[in-house]
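The values are calculated or read from the model by the stated rules, or taken from the named source; none is laboratory data. Here the structure is a predicted model, which means the values were calculated and not measured. Here the Cβ positions follow ideal geometry from the backbone for every residue, glycine too, while neighbour counts run over all protein chains shown. Accessible surface is based on the protein model in full, side chains and every heavy atom, while ligands, DNA and RNA are left aside. Shrake-Rupley method; radii C 1.70, N 1.55, O 1.52, S 1.80 Å.
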Amino acid sequence: MAQILDGKAHADRMLAEVKRGVEARVASGKRPPCLAVVLVGDDPASQVYVRGKVKACQETGITSVEHRLSADASQEEVNGLIDRLNADAGVDGILVQLPLPKGLDSKEALHRIAPPKDVDGFHPLNQGLLLEGLPGLRPCTPSAVMNMLKAYGLELKGQRAVVLGRSEIVGKPMALMLLEEHATVTIAHSRTKDLPAVCREADLLVAAVGRPGLVEGSWIKPGAVVVDVGINRVEDLELATRIFAKEPKKLETLKAKGGVLCGDVRFGEAMEVARAVTPVPGGVGPLTIAGLMMNTLQASV
Ligand code: NAD
């Protein structure tokens, strides 16, 4: 049986570290770091994510200020709000919760955030610094995953790493961070030929795709480390019966509640083959929020 990489426990350690950093900053006579969260529209999932981020701010002593705009807000209104937050010396970090409602250009909004306040690490300047291996604000999900892998003492140097997914938010920055640690990195995606064979080469497999249970146990090299970034809600019983063959509890939850959360990896099957696996929920999700708190503290320095 594989070891479970406890993302929640590691996230709690990261949050405690941020809290100590905030306390030290306040003890030196400065105000606490301040995160401005911009939420446009009323997407229920976005509201849940924002609540989680505000709660983590409260736990760490970071001040959070929510700025809500209605779903029919114009690009000019969004840009204007970002400009004001950029100019506000009392704000250290700016987070625009994605996705933005249809009709709004999220790239335009993200590119408008002043790079030193870009706590999501999505601005081209911060992405460029990452590409060059220079310090900057880095995307929260991959940087927190790296933080956890190091804390677990998992060797990356010389390892074959496969990152499934090539998004700007997770896949690409994850690949760059693994490369920085001297892993030999392959980025696989929806057009990759013979995906199972590519995955089977991985000593470290990171799945960031958004397809429930895509990665089967037979895709995993025995003894590999598996990081599951995907967060998917499954409601279809036929799909669930296939992907949860080794996880009867997930199937029970789906039947009782009409839906269940899972990752891109078939956790039960992975547990039989891998050396270590992150669960969903309780794996990468909590780490991402902890990474955001770390970035907000960093942006305030
Ligand atoms: P995205 O949709 O931007 O990118 C998905 C990537 O997967 C694409 O590069 C695509 O090429 C690839 N892909 C799609 N179908 C594929 C297939 N069948 N085989 C191989 N590759 C395929 O998604 P994202 O923003 O990178 O997020 C990926 C997943 O991670 C989602 O489930 C998202 O909810 C989750 N996520 C979780 C956290 C967290 O905190 N745990 C943070 C960010 C994203």
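Looking at LYS117, LYS53, which is the one that is of a type in the set (Lys, Arg) and either closer than 20 Å to GLY285 by Cα or open to solvent by 60 Å² or more (accessible area, probe 1.4 Å) (or both)?
Checking each option against the conditions leaves just LYS53.
Do we have GLU108 as touching a residue at least 24 places away in the same chain (Cβ under 8 Å), surrounded by fewer than 20 Cβ atoms within 10 Å (Cβ to Cβ) and not in a loop (DSSP other than H, G, I, E, B) here? Outline the logic, then answer.
Working: touching a residue at least 24 places away in the same chain (Cβ under 8 Å): yes; surrounded by fewer than 20 Cβ atoms within 10 Å (Cβ to Cβ): yes; not in a loop (DSSP other than H, G, I, E, B): yes.
It is true that GLU108 is touching a residue at least 24 places away in the same chain (Cβ under 8 Å), surrounded by fewer than 20 Cβ atoms within 10 Å (Cβ to Cβ) and not in a loop (DSSP other than H, G, I, E, B).
Could you please give the count of residues in segment 188-217 that are within 11 Å of the ligand (Cβ to nearest atom), surrounded by 19 or more Cβ atoms within 10 Å (Cβ to Cβ) and not in a loop (DSSP other than H, G, I, E, B)?
Of the residues in that region, 5 qualify.
Sort through GLU66, GLU59, GLU17, GLU76 and tell me the only one that's of a type in the set (D, E, K, R) and in contact with a strand residue (DSSP E or B) (Cβ under 7 Å, 6 or more places away or on another chain).
Values: GLU59 fails: in contact with a strand residue (DSSP E or B) (Cβ under 7 Å, 6 or more places away or on another chain); GLU17 fails: in contact with a strand residue (DSSP E or B) (Cβ under 7 Å, 6 or more places away or on another chain); GLU76 fails: in contact with a strand residue (DSSP E or B) (Cβ under 7 Å, 6 or more places away or on another chain).
Criteria check complete, one pass: GLU66.
So, in segment 153-187, exactly how many residues are under 17 Å from LEU129 (Cα atoms) and either within 11 Å of the ligand (Cβ to nearest atom) or part of a helix (DSSP H, G or I) (or both)? Outline the logic, then answer.
Of segment 153-187, the ones under 17 Å from LEU129 (Cα atoms) are 168-181.
Applying the additional criterion that residues be either within 11 Å of the ligand (Cβ to nearest atom) or part of a helix (DSSP H, G or I) (or both) yields 168-180.
The qualifying residues number 13.
For residues that are surrounded by fewer than 20 Cβ atoms within 10 Å (Cβ to Cβ) and in contact with a Phe, Trp or Tyr (Cβ under 8 Å, 6 or more places away or on another chain), scanning just segment 267-301, find the one that is farthest from ARG200 (Cα to Cα).
That would be GLY268.
Any idea how many residues of segment 132-145 are out of contact with any Leu (no Cβ under 6 Å at 6 or more places or on another chain) and away from the ligand (no atom under 14 Å from the Cβ)?
Going through segment 132-145 one residue at a time, the tally reaches 5.
Condition first: of a type in the set (Gly, Ala, Ser) and touching a residue at least 60 places away in the same chain (Cβ under 8 Å). Now tell me which residues in segment 117-162 satisfy that.
Looking only at segment 117-162, we keep the residues that are of a type in the set (Gly, Ala, Ser), and these are 121, 128, 133, 136, 143-144, 151, 153, 158, 161.
If the condition is that a residue be of a type in the set (Gly, Ala, Ser) and touching a residue at least 60 places away in the same chain (Cβ under 8 Å), then GLY121, SER143, ALA144, ALA151 are the ones that fit.
Could you count how many residues in segment 6-50 are in a helix (DSSP H, G or I), of a type in the set (A, V, I, L, M, F, W, C) and surrounded by 21 or more Cβ atoms within 10 Å (Cβ to Cβ)? Explain how you work it out, then say what you get.
To start, the set of residues in segment 6-50 that are in a helix (DSSP H, G or I) comprises 7-27, 44-50.
Filter once more, keeping what is of a type in the set (A, V, I, L, M, F, W, C): 9, 11, 14-16, 18, 22, 24, 26-27, 45, 48, 50.
Applying the additional criterion that residues be surrounded by 21 or more Cβ atoms within 10 Å (Cβ to Cβ) yields 11, 14, 18, 22.
Number of matching residues: 4.
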